[in-house]
Amino acid sequence: MAKTESRMMPLATPAPDFALPDTDGATVRLADFRGREALVVAFICNHCPFVKHIADELARVGHDALDRGAGMVAINANDIENYPDDGPERMAEEKAARGYPFPYLLDADQSVAHAYGATCTPDFFVFDRDLCLVYRGRFDDSSPGKDTPVTGDALRQALDQVLSGQPVTVAQRPSLGCNIKWRPGNEPAA
C-alpha cells in the first residue's frame with residue numbers, strides 16, 4: 001500500500017467546474033450546488049484501503065452534511081481500464097452497499113482530478129457559499145493499521161465552521177492515501 005499525500009490546493013481557490021456522470025447515468029454539475037452554504041468534494045475510489053477504512057463514517061458525514069443543507073459529491077478518477085474494480089458498475093454497487101447519500105461520479109478522462117490537483121484517495125475539499133476553497137486535506141487522523149478511531153473530525157469541524165458562518169480554523173494537513181491511478185501518459189506534472 002503506497003502512501004501519497006495530497007497537494008493542498010491554495011485556499012480561496014474557486015471550485016473548478018465539472019460535469020460528470022453519476023452511477024445512475026445522470027450528469028451532475030458544479031452548478032447544481034450553487035446556493036448551498038457549503039460543498040464537500042471528495043476524491044475516492046472503491047478499492048483503496050484508505051477509502052475502505054473510512055467509508056462507513058464517510059457515509060455518515062454525507063448524511064449529516066446533506067441534512068444540514070450542504071452539498072457533497074464524491075469523484076472517482078482512477079483509470080478504470082487497468083483498475084476495473086473502480087468501474088461504473090462497481091461504483092454503483094459501492095454507493096448502495098455503503099449507503100452514500102451523495103452523487104458518486106466518474107472522472108473518466110481525469111480532467112477534474114487534474115483541475116483540483118487531486119493526487120490521492122481519499123482527498124477532501126470544502127468550499128463555502130461562494131464556492132471558494134476553505135478547507136482541503138484529511139478526513140481525520142486515522143489510517144489503516146493505525147490505532148486511531150475513524151471519526152471524520154477534521155472534515156466535520158471544517159464543515160461545522162463553514163455552515164455556522166465562521167472562518168475555518170481546523171488544522172489543514174495533507175490527506176494521506178493511495179495515489180490516483182492515472183491513465184498512462186496522463187500523470188500530473190511533478
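If you go through region 154-176 and keep only what is touching a residue at least 40 places away in the same chain (Cβ under 8 Å), assigned to a loop (DSSP other than H, G, I, E, B) and of a type outside the set (Gly, Ala, Ser), you end up with Val168, Gln172, Pro174. Exactly one residue out of Ala92, Ala77, Ala65, Ala115 is modelled with pLDDT of 95 or more, over 18 Å from Asp22 (Cα atoms) and in contact with an Asp or Glu (Cβ under 8 Å, 6 or more places away or on another chain), and it is Ala115. Only a single item in (1) surrounded by 15 or more Cβ atoms within 10 Å (Cβ to Cβ); (2) of a type in the set (Asp, Glu); (3) modelled with pLDDT under 95 is not met by Asp128, and it is number (3).
Looking at region 37-47, which of its residues are surrounded by fewer than 20 Cβ atoms within 10 Å (Cβ to Cβ) and either modelled with pLDDT of 95 or more or farther than 26 Å from Leu176 by Cα (or both)? Break it down into steps so the answer makes sense when it comes.
Step one: list which residues in region 37-47 are surrounded by fewer than 20 Cβ atoms within 10 Å (Cβ to Cβ), which gives 37, 47.
The one that is surrounded by fewer than 20 Cβ atoms within 10 Å (Cβ to Cβ) and either modelled with pLDDT of 95 or more or farther than 26 Å from Leu176 by Cα (or both): Glu37.
Filtering region 63-83 to residues that are assigned to a helix (DSSP H, G or I), surrounded by fewer than 23 Cβ atoms within 10 Å (Cβ to Cβ) and touching a residue at least 24 places away in the same chain (Cβ under 8 Å) leaves His63, Asp64, Leu66.
Could you tell me whether any residue of region 135-153 is aliphatic (A, V, I, L, M), in contact with a Phe, Trp or Tyr (Cβ under 6 Å, 6 or more places away or on another chain) and either assigned to a loop (DSSP other than H, G, I, E, B) or on the phi < 0 side of the Ramachandran plot (or both)? Give the derivation first.
Let us first name the residues in region 135-153 that are aliphatic (A, V, I, L, M), namely 150.
With in contact with a Phe, Trp or Tyr (Cβ under 6 Å, 6 or more places away or on another chain) added as a condition, the list becomes none.
No, region 135-153 has no match at all.
When the criteria are applied in full, Ala59 meets the requirement of being aliphatic (A, V, I, L, M), touching a helix residue (DSSP H, G or I) at 6+ places or on another chain (Cβ under 9 Å) and surrounded by fewer than 19 Cβ atoms within 10 Å (Cβ to Cβ). The requirement of being at pLDDT 95 or above and over 23 Å from Gly137 (Cα atoms) is satisfied by Ala97. Here Gly177 fulfils each of the conditions (1) in contact with a helix residue (DSSP H, G or I) (Cβ under 7 Å, 6 or more places away or on another chain); (2) modelled with pLDDT under 90; (3) surrounded by fewer than 19 Cβ atoms within 10 Å (Cβ to Cβ) apart from (3).
Scanning region 95-112 for residues that are part of a helix (DSSP H, G or I), within 23 Å of Asp17 (Cα to Cα) and among the hydrophobic types (A, V, I, L, M, F, W, C) returns a single hit, Val112.
In region 22-59, which residues are closer than 22 Å to Leu163 by Cβ, assigned to a helix (DSSP H, G or I) and over 14 Å from the mean Cα position of the chain (by Cα)? Ala31, Asp32, Phe33, listed by residue number.
The values are calculated or read from the model by the stated rules, or taken from the named source; none is laboratory data. No experiment lies behind these values; they were computed from the predicted model shown. All Cβ positions, even for glycine, are placed from backbone atoms using ideal geometry, and neighbour counts span all protein chains on display.
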